[in-house]
Amino acid sequence: YYCHFTSPIRRYPDLQIHRIIKEQLRGRLKEERIEHYREILPEVAKHSSEMERRADEAERETDKLKKVEYMEQHIGEEYEGVISGVTGW
């Protein structure tokens, strides 16, 4: 098995993993608890992934907004640049 986690204050899935590891290390991860985690973790993982995608999108949108707010103060100014790619809408 493989597990990746960071600080439990950062991501909810990491908090769940820390809880499970603590239970195991303390000898409390009995069959009843294992079954509990089997039942809840698929939905917890799905929900967490959805929330992470939403947070990533919110971050991208905020970055775009801040760029627009900054450039608003520079309307009419000319800049040199290089077009590095084109995206179709």
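Structural remarks
- Residue within the range 67-82 that is without any contact (Cβ under 8 Å) to a residue 40 or more places away in the chain, in a helix (DSSP H, G or I) and surrounded by 10 or more Cβ atoms within 10 Å (Cβ to Cβ) present: yes
- Residue in the range 47-60 that is touching a Ser or Thr at 6+ places or on another chain (Cβ under 6 Å) and surrounded by 10 or more Cβ atoms within 10 Å (Cβ to Cβ) present: no
- Counting only residues that are surrounded by 13 or more Cβ atoms within 10 Å (Cβ to Cβ) and not polar (S, T, N, Q), the range 13-33 holds 11 of them.
- Selection status of GLU52, acidic (Asp, Glu) and in contact (Cβ under 8 Å) with a residue 24 or more places away in the chain: yes
Quick note: the coordinates plus some simple rules give every number you see, no bench work behind them. Predicted model only: the values in this text are computed from it and were never measured. Note that each Cβ is placed from the backbone with ideal geometry, even for glycine, and that neighbours are counted across all protein chains shown.
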